[in-house]
Every structure is written in C-alpha cells, then in structure tokens.
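The values are calculated or read from the model by the stated rules, or taken from the named source; none is laboratory data. Just so it is clear, the model here is predicted, and its values are computed rather than measured. Cβ coordinates were reconstructed from backbone atoms using ideal geometry, including for glycine residues, and neighbour counts include every protein chain displayed.
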Amino acid sequence: MGQYYKPSSLDKKEHVYSHDYHNGLKLMEHSWVGNNFVMAVESLIAKGGRWFGDRIVWAGDYADAEEPKTPHAKYPEHMLNLYDLVEENKINPEVPKREYRYLVNLDTKEFVTISKSPVTERYKDPETGKVTLFKIHPLPLLTCEGNGRGGGDYHGESPLIGKWARQRVIATNTKPTECSEIIFDLVE
C-alpha cells in the first residue's frame, strides 16, 4: 500500500494537504523542485511565514506512534502518530511567486542549496520537443518520518532521509554564513 504524507508544524499542530494543490499524497509524487505544494510549505517556513522557526516534519501515515501510545478512535488496532494528530488542523497557504534558494536547519546549523540537487529525470515532450528536468526537492526528504514503509516512498538509502525531521528548518534566499553545507545528492 502507499504511504501518505502531510507536512506538519509540531509547534502549531497544523498540516498542509497535497490534494489542495493538485498533487499526490505519496512522498515522491510531490517532492520535486518547482512543485507548487512544496513551494507553499516553503512560504510557511520563510521569514514572515506562519511556521517560521517551528519544528517541522513531513509526517507519514505509517510512521511510528507518538508517546504515550493512544489507540485511534476509528481503528483501535492503530496507535496515533503525528499524521493522525494533526488531522483536524489543516491550513491552505498560497503558493509564492518565487522559489527559495536555501533551506537552513537552525538546530544543527546546516544548510542545503536547493539548486544543487542533481537532475534525476528528463522528460522530452514529443509534440513540442521541450525538455523538462526534474530534481528531488530536499525539504520533504530531509524532514520525512516513515520513509521506506510504503509505496511511493523514496527507495534509495541515505543518511539524509529524515535527518532534519522535528527540527527548526527555514527557507531563505540569503546564503547562511555560520552553517555548514550539506550536499543533497539524492536521485531516484
């Protein structure tokens, strides 16, 4: 079965729903540079955004249960996880007109340059000849929980997957000066 994801703020206990942006719920259905859903989440974690400075996680519905373990009201055999706990608090931010260049982890003092993500796929439109390049966006993969437990997940192995989950991550166009750079080199 496929695992569904919700980018969520731990501090505000809110989430954004990918179908509101005409995107799939599975991790690799929406984790692309230039994707309007990911861009909407970036706007939340940028300066002036509702989640700026919050701890964030791309919460998977197959992720581990939260402590203390509590049975789900509809499915008692299932213990509540973060995906379940933010269910009632959906927000719908606007898609910004611009993309951000950097993701910064305020807790670990690390950053990623989004444009350095390698091209993972090329698509040539047979009618127009236009070539579209696809790059995996670092934000969903760095902050996800539950990856590898369902269809549509990222299927490579890397210590980067989930490395920033539940930490304070921001989006900015200003290059960080007192942080070390992580090279996000994942392809699928």
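Are any residues in segment 108-138 of a type in the set (D, E, K, R) and not in a strand (DSSP E or B), and if so, which ones?
Taking segment 108-138 as the starting set, the residues that turn out to be of a type in the set (D, E, K, R) are 109-110, 116, 121-122, 124-125, 127, 130, 135.
Hits for segment 108-138 are LYS109, LYS116, ASP125, GLU127, LYS130.
Here's the yes/no breakdown for (1) at pLDDT 95 or above; (2) surrounded by fewer than 22 Cβ atoms within 10 Å (Cβ to Cβ):
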| position | (1), (2) |
| --- | --- |
| TYR17 | yes, yes |
| ASN36 | yes, yes |
| ILE45 | yes, no |
| GLY48 | yes, yes |
| ASP54 | yes, yes |
| GLY60 | yes, no |
| LYS69 | no, yes |
The one condition in (1) more than 17 Å from ALA59 (Cα to Cα); (2) surrounded by fewer than 16 Cβ atoms within 10 Å (Cβ to Cβ); (3) among the basic types (Lys, Arg) that LYS135 fails to fulfil: (2)
Residue satisfying all of: in segment 139-156; small (Gly, Ala, Ser) and either in a loop (DSSP other than H, G, I, E, B) or modelled with pLDDT of 95 or more (or both); surrounded by the most Cβ atoms within 10 Å (Cβ to Cβ) among these: GLY146
Test: ILE161 is touching a Leu at 6+ places or on another chain (Cβ under 8 Å), in contact (Cβ under 8 Å) with a residue 12 or more places away in the chain and hydrophobic (A, V, I, L, M, F, W, C): yes
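Residue by residue, here is whether (1) under 17 Å from LEU142 (Cβ atoms); (2) in contact with a Leu (Cβ under 6 Å, 6 or more places away or on another chain); (3) assigned to a loop (DSSP other than H, G, I, E, B) holds:
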{"position": "GLY24", "(1), (2), (3)": "no, no, yes"}
{"position": "VAL41", "(1), (2), (3)": "yes, no, no"}
{"position": "ALA59", "(1), (2), (3)": "yes, yes, no"}
{"position": "ASP64", "(1), (2), (3)": "no, no, yes"}
{"position": "PRO68", "(1), (2), (3)": "no, no, yes"}
{"position": "ASP84", "(1), (2), (3)": "no, no, no"}
{"position": "GLU94", "(1), (2), (3)": "no, no, yes"}
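Restricting to segment 26-39, give me the number of residues that are assigned to a strand (DSSP E or B) and among the small types (Gly, Ala, Ser).
Looking only at segment 26-39, we keep the residues that are assigned to a strand (DSSP E or B), and these are 32.
Okay, now just the ones that are also among the small types (Gly, Ala, Ser), so none.
Within segment 26-39, residues that are assigned to a strand (DSSP E or B) and among the small types (Gly, Ala, Ser) number 0.
Hey, does segment 174-187 have a residue that's closer than 19 Å to TYR62 by Cβ, aliphatic (A, V, I, L, M), within 16 Å of the chain's Cα centre (by Cα) and in a loop (DSSP other than H, G, I, E, B)?
Narrowing segment 174-187 to residues closer than 19 Å to TYR62 by Cβ: none.
No, that holds for no residue.
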Residues that are among the acidic types (Asp, Glu), surrounded by 13 or more Cβ atoms within 10 Å (Cβ to Cβ) and touching a strand residue (DSSP E or B) at 6+ places or on another chain (Cβ under 6 Å), drawn from segment 71-117: GLU110
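If you scan segment 3-15, which residues turn out to be surrounded by 16 or more Cβ atoms within 10 Å (Cβ to Cβ) and either without any contact (Cβ under 8 Å) to a residue 60 or more places away in the chain or part of a strand (DSSP E or B) (or both)?
The initial filter retains those residues of segment 3-15 that are surrounded by 16 or more Cβ atoms within 10 Å (Cβ to Cβ), namely 3-10, 12, 14-15.
Residues satisfying the conditions are TYR5, LYS6, PRO7, SER8, SER9, GLU14, HIS15.
Would a scan of segment 157-164 turn up a residue that is closer than 27 Å to PRO96 by Cβ and part of a strand (DSSP E or B)?
The initial filter retains those residues of segment 157-164 that are closer than 27 Å to PRO96 by Cβ, namely 160-164.
Add one more test, that the residue is part of a strand (DSSP E or B), and what stays is none.
Scanning segment 157-164, I find no residue that is closer than 27 Å to PRO96 by Cβ and part of a strand (DSSP E or B), so the answer is no.
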Segment 96-122: number of residues that are among the hydroxyl-bearing types (Ser, Thr, Tyr) and over 19 Å from LEU139 (Cα atoms): 0
